[in-house]
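Remarks on the structure that follows.
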Amino acid sequence: MSHSAADADHGGGHATLKGYIAGLVLCLVLTGASFGVVMTELVPQPLRLTSIVVLCVVQLLAQLVLFLHIGAGRSQRENTGIFLCTAFLIAIVVAGSLWVMHNAMLNMMPMQ
């Protein structure tokens, strides 16, 4: 009983060309929207950073779902758990680094 690569069940949604094209178009639109927020005056100055962060998070989620096929389905629980653990560890490292740099700046800069 030999199984081909196409018949193997990898526990996730199967990728299609249509799905990849939709993901590419969506990511290009989100990238263009982020560029538009920065380069045009359509978004008020106080909301620009918030707009860019929201567009960034939406694009990250789109890439995770459409390209990496990370989902909440029963067959994807292991992949999702590994991803969340990795993201949590990266967040700890980044937050710790920012905290150390902030404290170093406060304690080492000359007071004026």
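The values are calculated or read from the model by the stated rules, or taken from the named source; none is laboratory data. Here the structure is a predicted model, which is why all the values come from computation and not from measurement. Every residue, glycine among them, receives a Cβ derived from its backbone with ideal geometry; neighbour counts consider all protein chains shown. The accessibility values were calculated without ligands, DNA or RNA, using every heavy atom of the protein model including side chains. Shrake-Rupley method; radii C 1.70, N 1.55, O 1.52, S 1.80 Å.
Computed quantities for the displayed model
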{"read-out": "Test: residue in the range 14-29 that is open to solvent by less than 70 Å² (accessible area, probe 1.4 Å) and among the polar types (S, T, N, Q)", "value": "no"}
{"read-out": "Close pairs from the range 76-89: first farther than 16 Å from VAL65 by Cβ, partner open to solvent by 70 Å² or more (accessible area, probe 1.4 Å) and assigned to a helix (DSSP H, G or I), Cβ under 8 Å, at least 6 apart", "value": "none"}
{"read-out": "Every residue from the range 30-42 that is part of a helix (DSSP H, G or I) and loosely packed, with under 14 Cβ neighbours inside 10 Å", "value": "THR31, GLY32, PHE35, GLY36, VAL38, MET39"}
{"read-out": "Qualifying residue in the range 43-63 (condition: without any contact (Cβ under 8 Å) to a residue 24 or more places away in the chain, surrounded by fewer than 11 Cβ atoms within 10 Å (Cβ to Cβ) and in a loop (DSSP other than H, G, I, E, B))", "value": "yes"}
{"read-out": "Condition met for CYS85 (over 27 Å from VAL29 (Cα atoms) and open to solvent by less than 100 Å² (accessible area, probe 1.4 Å))", "value": "yes"}
{"read-out": "Residue within the range 63-73 that is over 15 Å from the mean Cα position of the chain (by Cα) and under 30 Å from THR16 (Cα atoms) present", "value": "yes"}
{"read-out": "So ALA72, is it open to solvent by 70 Å² or more (accessible area, probe 1.4 Å), touching a helix residue (DSSP H, G or I) at 6+ places or on another chain (Cβ under 8 Å) and under 21 Å from ALA15 (Cβ atoms)", "value": "yes"}
